[in-house]
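Encoded as structure tokens, the structure appears first; notes follow it.
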Amino acid sequence: MLFREFAEFCESIEKISSTLELTDKISNFIKGLENDDLYNVILFLIGRVYPTWDERELGVGVGLLYEVLENVGGIKKEKIEEMVRELGDLGLASERIVKGRIMITLEAEELTIKRVREIFDEISSLIGEGSRKRKVLLLTGLYGLATPLEAKYLTRLIMNEMRLGVGEGIVRDAIAKAFGVDEELVERAYMVTSDLGKVAVIAKNSGKKGLEEIKIRLHTPVRMMLAQVAESFEDAVSEMGEVAVEWKFDGSRVQIHWGDGELKIYSRRLENVTKALPEIAEEIKKNVKEGVILDGEVIAVKDGRPMPFQHVLRRFRRKHGVSRMVEKIPLQFYAFDILYCDEEIVDKPLAERRRILESVISESERIKIANQVRTRNKEDIEKIFNDAINAGHEGVMLKNPNSPYVPGKRGKHWLKLKYVMETLDLVVVGGEWGEGKRSHLISSYELACTDETTGNLLRVGRVATGFTDEDLEELTELFKQIIVTHEGKNVKFVPKYVFEVAYQEIQKSPKYESGYALRFPRFIRLRDDKDVSEADSIKRLEDLYNLQFKRKT
Ligand code: AMP
């Protein structure tokens, strides 16, 4: 298929807001595609070049793309920034730049999806010295072949932001419709493989049966099961009867695959973080039976107390000088579930999985099994809750002992009860440089929630308090890399990072497109264990708004 046909299709659906109509259009578009095109189109539609857990990445930042566009258009960066401000995004600016380019290629080849994929794969394979230059060259060549419309979508794809109003849910439903299979089945296959492109190809070739046969496999990460907020101890007990109570550790989630002599550790975003956690990897190898997938939490402990969660994330981010960090920030792994033991075991009840978990691990200094108490008694739960808080953790998890492990699901089988007020996880979309002493720092940040259906980001306000000077230094370094435009002291970012913020109240407000604003928002921490798509949605804001209303009356 020609890349032009894909770009034209994107253009044709960009203005559609009806979910049903979008699903229909996408379903029709993908129906007749052959396997490779189908795979690529599905990923491209959701703005991805590779599935999240794939170790390959383009490694093309905003700066590099600006350089390419400067080459293509023969214009200065300031001019491009001006266009972005006028038109609203780098995609539209690219379209205009390519329209105005003077360079004419004789006998230009028409870009196919396959060719674009090949170039992307080549770019992502480049490492080390000279790789940046080569990337600029390859991309300049690619834009040289592109029509203006193709350039618009190439840029958006490279920036992982297609702006089509098409979330993963719509693509999932379109796959189900195109190949006559159940939406739930597509969803489950996706949670297990974390690769919608692959799921589409299987649905097309082997239908329902093919999807049903997709099993959890060692070394392919599975979306993690998540928890809902429990209103109270009483609610949880009346919901489940007997509950399995565990501490809610204040650390970072990991999934560990250990088998066939290989060990891999995945973060909550399904990134491979094995190299950053060598001591955990080593000790798992010594203390755990091979052929398992474990689920648990990594925490940092010093002198018997958990260190703040940021330290754990610093370990996860670390690429160089890891061994120094092993001493500085000592980690422990608490296993609380098991998904695979020589075969998939997610459909077995939690109580049985727990028995299996206990049989495969021999505990050590760094590797532990999370303590679990089964009870119907409110006082028991309260006691465990207080113990957890006194030990420096967040609260408790209340789990249904009869429940299966449902990948990717935030359901009622797991309830979390936290001590602190519920906070919001919001996407950082812009910022403002500070004044006076802080003029070299980005000192306020603009936040947005997600719209789960469309994938759009809706602003809810700015946060300017709660930061230490050290936070601001670190954040400025991080956010400087992803500035798309400047306008006076204001900057816009590629939506990439999530902040956890506390607030006093959620208010209705016409000022932002979400329709809500936060009263007294305060920065708590950078959640770089969370993907943009995992930030809180407009639906959650609505729910919290209604809840606070209920509490007041
Ligand atoms: P939250 O991030 O607030 O939605 O809470 C869910 C997270 O709590 C999970 O993703 C885990 O990282 C973490 N967690 C800590 N202790 C446990 C536990 N015992 N069981 C399940 N999740 C836990």
Phi-derived 3J(HN,Hα) across region 154-166 with the Karplus relation (6.51, -1.76, 1.60, θ = phi - 60°), rounded Hz, x for Gly and Pro, is 4, 4, 5, 5, 5, 7, 6, 9, 7, 6, 9, x, 10
Based on Cα positions only, what radius of gyration and what Dmax would you give for the chain, in angstroms? 24.3, 79
Can you compute the helix-only [θ] at 222 nm over the chain? Use -39500 (n - 2.57) per DSSP H run of at least 4 residues, normalise by all residues, nearest 500 deg cm²/dmol. -13000 deg cm²/dmol
In nm, to one decimal, how far is the modelled label at ASN386 from the one at SER17, with both set 7 Å along Cα→Cβ? 5.3 nm
Kirkwood estimate for region 259-334, i.e. one over the average of 1/r between Cα atoms, Å: 13.0 Å
Count the net charge of all other residues whose Cβ sits under 12 Å from the Cβ of VAL41, scoring Lys and Arg as +1 and Asp and Glu as -1. +1
Quick one: helix 90-99 against the long Cα principal axis of the chain, what's the angle to the nearest 10°, folded into 0 to 90? 20 degrees
Relative to the longest principal axis of the chain, what angle (0 to 90°, nearest 10) does the C-alpha long axis of helix 196-212 take? 60 degrees
Sparsely packed GluC sites (Glu not before Pro) within region 338-447, loop by DSSP, other Cβ within 10 Å at most 15: GLU343, GLU363, GLU365, GLU422, GLU435
Computed over all unlike Cα pairs, the Kirkwood hydrodynamic radius of region 171-264 in Å stands at 16.1 Å
Could you bin all the Cα-Cα distances of region 3-158 into 10 Å bins starting at 0 and give me the percent of pairs in each, rounded to whole numbers? 10, 38, 36, 14, 1
In degrees from 0 to 90, rounded to the nearest 10, what is the angle of the helix 350-360 Cα long axis to the longest principal axis of the chain? 90 degrees
To make sure I understand, if each residue's beta carbon is the centre and we count other beta carbons within 10 Å, what order do ILE367, ILE356 fall in, fewest to most? ILE356, ILE367
For all pairs of alpha-carbon atoms in region 386-503, what percent lies in each bin of width 10 Å, listed from the first bin to the last filled one? 11, 32, 27, 20, 8, 1
Net +/- balance of residues flanking LYS152 in space, Cβ distance below 13 Å, scoring K and R +1, D and E -1: -2
Alpha carbon convex hull of region 361-454, volume per residue in cubic angstrom: 227 Å³
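Where a number appears in this text, it was derived from the coordinates with a stated rule and is not lab data. For clarity, every value in this text was computed on a predicted model and none was experimentally measured. Using ideal geometry, Cβ is built from the backbone for each residue, glycine included, and neighbour counts are taken over all protein chains shown.
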